Amino acid sequence: MRTESSNTQYTMQEVMVAVAARQIRDGEMVFVGMRLPLLAFAVAKRMHAPRAVGLFECGLMRDEPAPELLYTMSDPPNIAGAIWSTRMINLMGMLQQRAVQLGMIGGAEVDGFGNVNTSYIGSRQRPTVKLPGSGGAADIASLAGRFLIIMQHERRRFKERVDYITSPGFGEGGDWRRRVGLPGGGPAAIITTLGTLSFDPETKEAILASHHPGVTPDEVCRQTGWPLRISPAVHETTPPTEEELAIIRHYDPKGFWTRP
Amino acid sequence: MMGKVMTMAQAIGRFVPDGCSVLMGAALESLIPFAAGHEIIRQRRRNLTLIGPISDILFDQLIGAGCASRVTAAWVGNVSAGLAHNYRRAAEANTPHRLDIEDHSNFTLSLALLAGGLGAPFIPTKTLLGTDLLPGSQSFQLSSEPDTGAPLVNVQAITPDVAILQVQRSDREGNAHCWGNLGVSEEGGLASRGVIIVAEEVVSREMILSDPNRVLLPSAKVVAVVHEPWGAHPSPVQGFYGRDHGFYEQYHLASRTSEGFEQWLKGWILDIEDRTGYLARLPKDRLNQLKPSQRRLAAPVDYGY
């Protein structure tokens, strides 16, 4: 899908990359995942967060985005020029030390408290779909200062309760994370193909904070499997700027990750 | 006496018996020992326990070929293309047969291997609290901090029978240099009872000893050294070749159905005698395209005294 807006065309994936990039603050340690987060890190570095540092769980740390498009985090361009090439456990240890402020994960299913399922759809014994599993996502969700969930927004994926909690959000809401003993701060936002959801500071319910250009709040609610609360301050997502788009397309010229 | 240097067929024949637990894909998306996995399939191993953080498509191939009865992993899929079709068929429909899945996260799998290498029964962590990976799992026990009573997860040690580690270069004893992201290669090798080193190059002992900090693990752990150039294809080996992204995509399409996978398996593994045959089947020029376009040599270090 391409949307027309002030003479600039962009895809929803490009909107998601720009929104995610803006969540990265300068000087932060960021656990960068695969796909769109790779691009979000590059955009943030070039725009407003030149001192951000990227951690890749395969065992890499970079203070410059890789010079070319990555299909996986262990691709040779990500290793060359890294500021640290090491064991996975060293980076996971930094996460557990609370030295990592932000992480980004994807998901197949999410619920209204930001719990993510990437393991089993249906029952665990006889799943209707066996998904790949956690990878490092459950660790990021458990331990990072805060994290972003980046997902396709479809009613079947936005469920009242996920079938299985792979990566913990706010559990049952309220102070659940503290009660179960999770050190990380939990999800800061769900960035979707339709909008951005943030979380109520008290109840920890997901709330529609912004809808992407060309999408109405109603449409977002229709694609959400629970009665989604809408923030009184709900607004249209600021579309990617020319500059953000130029960076995204520099890194992903063929649109491998950003053109559906 | 037979030395450690042997062919892949000999190494798999001797050190990867039916029913054993085998760690592969320890570095994550790079240095995946595909040539070793393919030889395991050719030798029709059965009832293996596959251990690895992620394995990209290697575990999917072994599962589809019927070699595995158990997977202990954090993630099984196709990193650049999506879901793993054989893994799905096994978990959803017991095709080709039942598969037990022991779910980990990347952190807990590395802690389990670290514990194995340390000779510790378990290592506590705060990851995974509140998740559905914990209930009913044999890998984890809930406990608490002695002073505060705060919840902890004890991750049980894993000690694989054998680790298969792909490296850039090794001497004939298995003193091996490996560089790039290491994933769990080091703790995985140390946790295992034996290590099969698959090397792009077999070099002199002097060359390895010129840089002991780059040695992955003690050669006393190494039971076999296999010289297998391009042994990790389609995964990358820093300084030797890049990732063959198209190969993963083609596998993804081919393995969508059981029949498609059977055909793929026949063409790329079963009807081929060894790695040389596999490489010959790749499109002309593919290997050249994957070679680095430029060298990036590290500065030498001085061990003088």
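Anything in the stretch A:231-260 that is crowded, with 16+ Cβ neighbours inside 10 Å and farther than 30 Å from A:Tyr71 by Cβ? List them, or say none. Passing the criteria: only A:Val234. In summary, helices (runs of 4 or more DSSP H) completely within the stretch B:76-193 and bearing 3 or more residues that are more than 10 Å from chain A (Cβ to nearest Cβ) occur at B:106-118, B:185-191.
Restricted to the stretch A:73-99, and to residues that are under 21 Å from B:Gln294 (Cβ atoms) and part of a loop (DSSP other than H, G, I, E, B), which residue is farthest from the other protein chains (Cβ to nearest Cβ)? Per the criteria, the residue is A:Ile83.
Within the stretch A:113-171, the set of residues being more than 8 Å from chain B (Cβ to nearest Cβ), hydroxyl-bearing (Ser, Thr, Tyr) and closer than 22 Å to A:Met92 by Cα comprises just one member, A:Thr118. For A:Arg46, the conditions (1) in a helix (DSSP H, G or I); (2) free of Cβ contacts under 8 Å to residues at least 60 places away in the same chain; (3) not aliphatic (A, V, I, L, M) are fulfilled apart from (2).
Pick from the stretch B:205-221 the residues that are outside any helix (DSSP H, G or I) and out of contact with any Leu (no Cβ under 9 Å at 6 or more places or on another chain): which of them is nearest to the other protein chains (Cβ to nearest Cβ)? That would be B:Asp211. Has the stretch B:218-240 got at least one residue that is among the small types (Gly, Ala, Ser), exposed (fewer than 15 other Cβ atoms within 10 Å of the Cβ) and either under 17 Å from B:Cys178 (Cβ atoms) or modelled with pLDDT of 95 or more (or both)? There is at least one residue in the stretch B:218-240 that is among the small types (Gly, Ala, Ser), exposed (fewer than 15 other Cβ atoms within 10 Å of the Cβ) and either under 17 Å from B:Cys178 (Cβ atoms) or modelled with pLDDT of 95 or more (or both).
Of all residues in the stretch B:242-255, those that are at the interface with chain A (Cβ under 10 Å from one of its Cβ atoms) have Cβ atoms under 7 Å from Cβ atoms of residues that are of a type in the set (Val, Ile, Thr) and in a loop (DSSP other than H, G, I, E, B), 6 or more apart or on another chain, in B:Arg243/A:Thr72. For A:Gly103, the conditions (1) out of contact with any helix residue (DSSP H, G or I) (no Cβ under 6 Å at 6 or more places or on another chain); (2) small (Gly, Ala, Ser); (3) more than 8 Å from chain B (Cβ to nearest Cβ) are fulfilled apart from (1).
Going by what's in this entry, would A:Leu70 be described as in a helix (DSSP H, G or I) and closer than 30 Å to A:Tyr164 by Cβ? Answer is no for this residue. For A:Glu109, the conditions (1) buried (at least 19 other Cβ atoms within 10 Å of the Cβ); (2) charged (D, E, K, R); (3) facing another protein chain (nearest Cβ under 10 Å) all hold with the exception of (3).
With respect to (1) of a type in the set (Val, Ile, Thr); (2) closer than 21 Å to A:Pro127 by Cα; (3) at the interface with another protein chain (Cβ under 10 Å from one of its Cβ atoms); (4) outside any strand (DSSP E or B), the lone exception for B:Ile63 is condition (3).
Would you check which residues across the stretch B:234-252 are assigned to a helix (DSSP H, G or I) and either more than 18 Å from B:Ser55 (Cα to Cα) or polar (S, T, N, Q) (or both) and list them? Hit for the stretch B:234-252 is B:Gln250, nothing else. Checking each residue of the stretch A:192-206 against the condition of being within 14 Å of chain B (Cβ to nearest Cβ) and within 21 Å of A:Arg98 (Cβ to Cβ) gives at least one match. No other residue among A:Ser119, A:Ser85, A:Ser74 is crowded, with 21+ Cβ neighbours inside 10 Å, more than 30 Å from A:Leu228 (Cβ to Cβ), touching a Phe, Trp or Tyr at 6+ places or on another chain (Cβ under 9 Å) and of a type in the set (Gly, Ala, Ser) apart from A:Ser74. Residues of the stretch B:155-174 that are buried (at least 24 other Cβ atoms within 10 Å of the Cβ) and in contact with a Pro (Cβ under 8 Å, 6 or more places away or on another chain): B:Val155, B:Ile164, B:Leu165, B:Gln166. For the stretch A:1-43, a residue qualifies if it is part of a helix (DSSP H, G or I), closer than 18 Å to A:Leu91 by Cβ and modelled with pLDDT under 95, and the qualifying residues are A:Pro37, A:Leu38. Among the residues of the stretch A:38-67, the ones that are under 17 Å from the mean Cα position of the chain (by Cα) and within 14 Å of chain B (Cβ to nearest Cβ) come to 5 in all.
Within the stretch A:181-205, the set of residues being within 21 Å of B:Leu152 (Cβ to Cβ) and buried (at least 18 other Cβ atoms within 10 Å of the Cβ) comprises A:Gly181, A:Leu182, A:Pro183, A:Gly184, A:Gly186.
The values are calculated or read from the model by the stated rules, or taken from the named source; none is laboratory data. Here the structure is a predicted model, which means the values were calculated and not measured. Every residue, glycine as well, gets a Cβ built from its backbone with ideal geometry; the counts of neighbours run over all protein chains shown.
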